[in-house]
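Worksheet: the structure to be examined is printed underneath.
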Amino acid sequence: MFGAGNFGQRYIEHNSGTADIVGAIDNDCDLHGLKLFGRIPVYPVEAARGLAWDRIVVCNNSGDIVRAEIHEQLTGMGVPEGMINFYPEEHMPEWIDQRRGFFRDFSCYASLNTIDGAVAECGVFSGETAKFLNLYFRERRLYLFDSFEGFSEEDINSERAFEDEAFLAGPLNKVGMLRQPSVKVVMDKIMFPDNVVIKKGWVPDSFEGVDDVFCFVNLDMDLYAPMLAALLFFWPRMSQGGIILLHDYFHPELPGVKRAVDAFEAECGAVCKFPIGDGCSLGIVKP
Ligand SMILES: C[S@@+](CC[C@H](N)C(=O)[O-])C[C@H]1O[C@@H](n2cnc3c(N)ncnc32)[C@H](O)[C@@H]1O
């Protein structure tokens with residue numbers, strides 16, 4: 001953990017038993033040599049090079065600027081960005097949510113293996129996933145696509161035409177059900193906003209003018225038509241080794257997601273698919 005002050009001590013209280021905290025590092029030399037709660041040693045920041053850790057949790061609540069400076073100090077020492085977490089944003093989900101763990105690990109893997117490109121999410125809703133994509137991939141451009149008006153009438157109607165009982169009886173069989181407050185709600189959660197590009201509008205129309213290559217894309221629009229359109233748009237734009245994640249592939253009331261993957265493979269050929277272990281998302285890797 002980075003930060004041996006009050007905030008860091010609160011982190012220890014919250015995480016004793018779930019995290020194996022090997023030490024605290026801090027820029028305040030008055031704290032070096034102390035043992036927090038009588039057991040967790042405090043070291044100078046440079047000492048992190050000699051400690052065995054698998055992530056560094058920044059425990060500092062002095063605002064975004066100081067937190068960004070700490071991030072810079074750590075990356076300047078060679079700590080991969082995917083191994084730097086921020087408390088309290090992630091202290092619960094970080095260890096219980098496989099998907100966020102996947103984002104973190106893949107951001108690190110992509111940096112280590114030079115998988116270039118931007119990141120995108122289609123289907124942002126209130127930004128609960130986008131904020132983690134922004135945190136883990138903070139040095140990459142992040143495109144956020146959403147109508148910010150829920151589902152389109154056209155997409156819902158084409159979904160109904162498949163006559164899937166599970167979908168017709170399910171809770172999402174309503175236009176506009178996922179109406180969300182505003183872009184501001186999303187941006188208020190974003191810690192590193194400079195690299196974020198909001199694309200408000202209907203997929204696939206909102207893809208117009210997007211000229212980029214991608215390293216990681218999270219597709220979470222629930223329905224067949226926009227999911228298939230997004231797959232067809234991003235696939236040729238993925239870097240080698242890049243990953244597209246399809247949320248809700250295993251959701252019993254959202255059969256359109258699997259149907260979109262099947263249609264995509266029928267058109268583009270079989271792709272390498274893998275479940276990420278969160279119970280709902282399927283990954284596909286660009287060869
Ligand atoms: C399940 S929510 C996304 C949840 C979000 N990824 C999260 O983790 O919190 C689905 C979103 O897809 C958006 N959406 C569905 N169809 C769309 C389309 N054709 N174009 C743009 N956005 C769409 C909806 O507005 C909604 O916000």
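Decide, for the stretch 162-234, between rounded, prolate and oblate: order the square roots of the alpha carbon gyration tensor eigenvalues as a ≥ b ≥ c, take rounded if a/c falls under 1.5, and otherwise choose prolate if a/b is larger than b/c, else oblate. Walk me through the numbers before you get to the answer.
Values: a/c = 2.44, a/b = 1.43, b/c = 1.71.
It is oblate, given that a/c is not under 1.5 and a/b is not larger than b/c.
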Relative intensity, log₁₀ I(q)/I(0), of the stretch 6-96 from a Debye sum that treats every alpha carbon as a point, q = 0.15, 0.18 Å⁻¹ | -0.55, -0.82
Count of lysine pairs, the chain, Cα-Cα under 14 Å, sep. 8 or more residues or interchain, comes to 6
In terms of the alpha carbon gyration tensor, root eigenvalues a ≥ b ≥ c, rounded if a/c is under 1.5 and otherwise prolate when a/b exceeds b/c or oblate, the chain is prolate
Using the Cα centre as the reference, give the magnitude of the dipole from point charges on the C-beta atoms of the chain (Lys, Arg: +1; Asp, Glu: -1; all else neutral), rounded to the nearest 20 debye.
-> 560
What net charge is computed for the residues neighbouring R140, neighbours being all others with C-beta under 11 Å from the C-beta of R140, Lys and Arg scored +1, Asp and Glu -1?
-> -2
If each residue's Cβ is checked for other Cβ atoms within 10 Å, how do E13, E267 rank with the fewest at the top?
-> E13, E267
Find how many whole Å separate the alpha carbon centroid of the stretch 1-40 from the alpha carbon centroid of the stretch 210-287.
-> 41
Classify the stretch 153-287 as rounded, prolate or oblate, taking a ≥ b ≥ c as the square roots of the eigenvalues of its Cα gyration tensor: rounded when a/c is under 1.5, otherwise prolate if a/b is larger than b/c and oblate if not.
-> oblate
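Report for the chain the percent antiparallel among DSSP-assigned beta bridges with both residues inside it, nearest 5.
Expressed as a percentage, antiparallel bridges in the chain total about 25.
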Provide L144, L228, L172 in ascending order of the number of other Cβ atoms located within 10 Å of each residue's Cβ, fewest first.
-> L172, L228, L144
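Provide the percentage of antiparallel DSSP beta bridges, counting only those with both residues in the stretch 6-96; round to the nearest 5.
Percent antiparallel among DSSP bridges in the stretch 6-96 is about 20.
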What is the magnitude of the charge dipole of the stretch 159-287 about its Cα centre, with +1 placed on the Cβ of each Lys and Arg, -1 on the Cβ of each Asp and Glu, and no other charges, expressed in debye to the nearest 20?
-> 280
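Counting other beta carbons within 10 Å of each Cβ, put V119, V197 in order, fewest first.
Working: V119 28, V197 13.
Fewest-to-most ranking of V119, V197: V197, V119.
Each value in this text was obtained by applying a stated rule to the coordinates, not by laboratory testing. Computed from a predicted model, the values in this text were never measured in an experiment. All Cβ positions, even for glycine, are placed from backbone atoms using ideal geometry, and neighbour counts span all protein chains on display.
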